[in-house]
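The values are calculated or read from the model by the stated rules, or taken from the named source; none is laboratory data. Since the model is a prediction, treat every value here as computed from it, not as a measurement. Here Cβ is always computed from backbone atoms with ideal geometry, including for glycine, and neighbour counts include all displayed protein chains. What goes into the accessible areas is simple: the full protein's heavy atoms, side chains included, and nothing from ligands, DNA or RNA. Shrake-Rupley method; radii C 1.70, N 1.55, O 1.52, S 1.80 Å.
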Amino acid sequence: MRQYLKIEISHLLGSLLIFIPVGYLLHQIAASILLAVAAYMSKHGYYLVKLAYLINQDTRIDPPYPADIWGLVYKELSRFRSRSRKRKRTLSRFASRFRKVTSSIPDGLILLNKPGFIEWANPAANQLLNISWPRDENIAFTDRIKQEGLNEYLMNPDYSRPMEFPSPANKAVVISLRVTPFGGKKAQRLVVVRNITEVYNLNQTRRDFVSNVSHELRTPLTVITGFLENLGENEMLPFQKRPFTLMHQQAERMNSIINDLLTLSRLEMGVAPSAEKPVAIPELLVRIVDQAQLLADQKGGYTLTLEVDNTLWLLGEESELMSAFSNLIFNAVIHTPPGTEILVTWKRQENEACLIVSDKGSGIEQRHIPRLTERFYRVDKARSRQSGGTGLGLAIVKHIIGRHDGELRISSQLEVGSKFTCAFPVNLTLDKTVEEPIE
Ligand code: ADP
């Protein structure tokens with residue numbers, strides 16, 4: 001920089017050296033100084049105009065550059081231009097690769113801005129949702145896709161579960177729609193749409209199969225049970241007694257399995273329960289705990305305690321909630337040794353209403369916990385069978401709680417005990433002031 005300053009000073013001095021002697025000879029020194037400065041400034045004016053022209057034209061600025069300070073300006077401008085050209089090239093290469101990648105993805109991708117208008121979509125979005133970009137840019141997503149419940153789904157900040165419905169582009173295709181918020185304050189949303197027809201049909205076939213088999217088995221079983229009951233009323237020879245008892249027990253077991261399988265099928269196929277009916281959970285729990293107490297008394301020595309918030313009701317399907325809560329409370333008696341302390345709590349907890357069934361039983365090994373809600377998964381198969389378990393109870397519970405927008409959480413520690421929590425969103429609760437306290 002100092003070098004350029006020296007050059008500029010030398011240029012000014014050179015100009016003065018030329019003009020001042022002439023001015024001296026003509027007795028016009030002041031005018032000659034002015035002329036010298038003007039000549040020096042006109043050089044800057046020239047380069048300044050040239051610079052404006054170069055910037056405006058966006059042309060290359062090739063060497064040779066002027067030897068003065070303008071040389072530095074031109075050189076830096078040229079370097080800046082080549083750098084930004086390189087950046088542009090990289091950016092356009094990246095954009096074209098991004099376009100290629102997003103075009104080859106079989107899932108539909110749609111970017112929504114904060115108010116829910118379409119900003120961009122990949123070609124698969126056109127096949128699955130009839131959304132084409134740039135045609136549909138700036139159109140509200142819900143104006144483009146008319147699907148019951150979609151508006152509510154997009155408004156709800158909890159996108160943990162996908163939404164499934166037939167594709168508006170082809171009704172034979174079933175799609176799953178998932179939303180991921182991103183950007184500043186997570187105001188923008190990426191909608192990912194996937195074709196799940198195969199999985200859906202496979203699941204449907206499995207559900208139909210299980211449901212049909214269960215229905216088909218029910219009739220012969222009813223006949224067998226009927227005959228067994230008739231037989232039981234007659235006198236039996238001693239050697240017939242044991243086979244008869246075993247047959248009766250196994251028929252009962254089969255009946256329980258079929259009933260549980262049919263319950264699961266009904267839960268899987270049915271629509272979510274209407275959230276209109278208020279259910280008096282405190283009363284419901286009193287009834288269940290009373291029944292569980294009978295079993296506990298038979299097994300012996302249990303301490304069964306119930307702590308409920310009497311003002312807390314839930315909107316839901318009473319029979320389903322009864323079935324889910326019974327399963328958990330009876331499990332606590334069935335799968336723990338006599339003498340175990342069992343506590344059933346129904347209360348508000350943070351933003352949720354929670355039913356907690358905790359026991360100080362022998363607990364469950366950590367590795368089993370994630371699998372407990374699978375159908376027929378039992379920690380100890382033999383023991384579960386002996387106690388009349390089907391291995392379907394927790395699968396039913398999980399389904400019922402899910403259908404009520406809730407979550408089943410299980411925690412357990414060996415030799416310490418287990419805790420099963422059904423957490424429901426607060427918007428499903430009702431605050432009832434109960435006049436008569438529940439016994
Ligand atoms: P089951 O018909 O065997 O009770 P579930 O689906 O209800 O089937 O439960 C699955 C398994 O989870 C049970 O077989 C048992 O091993 C375990 N389990 C459930 N509840 C408890 C509990 N409170 N304590 C210990 N183990 C439990």
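Remark: accessible surface ordering of Trp120, Trp133 (largest first) is Trp133, Trp120, probe radius 1.4 Å.
Expressed as a fraction of 2.2 N^0.38 Å, the value expected for a compact globular protein of N residues, the C-alpha radius of gyration of the stretch 271-345 is 1.19.
Each peptide among 294-304, 80-90 gets the average number of other Cβ atoms lying within 10 Å of its residues, and from highest to lowest they stand as 294-304, 80-90. Normalising by residue count, the stretch 1-149 has a Cα convex hull of 187 Å³ per residue. From its DSSP helices (H runs of at least four residues, each -39,500 (n - 2.57)), the chain gives a residue-normalised ellipticity at 222 nm of -17500 deg cm²/dmol.
Between 0 and 90 degrees, the angle of helix 281-299 with respect to the longest Cα principal axis of the chain falls at about 50 degrees. When 1/r is averaged over all different Cα pairs and the result inverted, which Kirkwood radius in Å belongs to the chain? Its Kirkwood hydrodynamic radius stands at 29.6 Å.
Here Ser78 sits with roughly 30 square angstrom of accessible surface, probe radius 1.4 Å. Does anyone have the angle between helix 69-104 and the longest principal axis of the chain? Alpha-carbon axes, 0 to 90°, nearest 10? Its long axis makes an angle of about 30 degrees. Structure remark: mean-square fluctuation, Gaussian network model of the chain, C-alpha springs under 10 Å; the largest value among Gly116, Gly184, Gly339 belongs to Gly184.
The share of C-alpha pairs in the stretch 291-391 whose separation exceeds 15 Å stands at 68 percent. Ordered by solvent-accessible area of protein heavy atoms (1.4 Å probe), largest first, the residues Ile105, Ile329 come out as Ile105, Ile329. Any idea how far the Cα center of the stretch 166-234 sits from the one of the stretch 368-435, in Å? Computed from Cα coordinates, the inter-centre distance equals 20 Å. Compared with the dominant principal axis of the Cα atoms in the chain, helix 238-269 is inclined by about 30°. By the rule of a C-alpha distance below 19 Å, with chain neighbours fewer than 8 residues away ignored, the aspartates and glutamates paired with Lys171 are Asp107, Asp143, Glu148, Glu198. Listed cross-link partners Lys186/Lys347; Lys86/Lys114; Lys186/Lys419; Lys277/Lys432 are compared with a 24 Å cut-off, the Cα-Cα value being larger for Lys186/Lys347; Lys86/Lys114; Lys186/Lys419. The lysines within cross-link reach of Lys50, meaning a Cα-to-Cα straight distance under 17 Å and a gap of 8 or more places when in the same chain, are Lys75. Solvent-free Debye calculation, one equal scatterer per alpha-carbon of the stretch 199-269: log10 I(q)/I(0) at 0.27 Å⁻¹ equals -1.14. When the Gaussian network model of the chain links Cα atoms closer than 10 Å, the mean-square fluctuations of Gln127, Gln240, Gln250 top out at Gln240.
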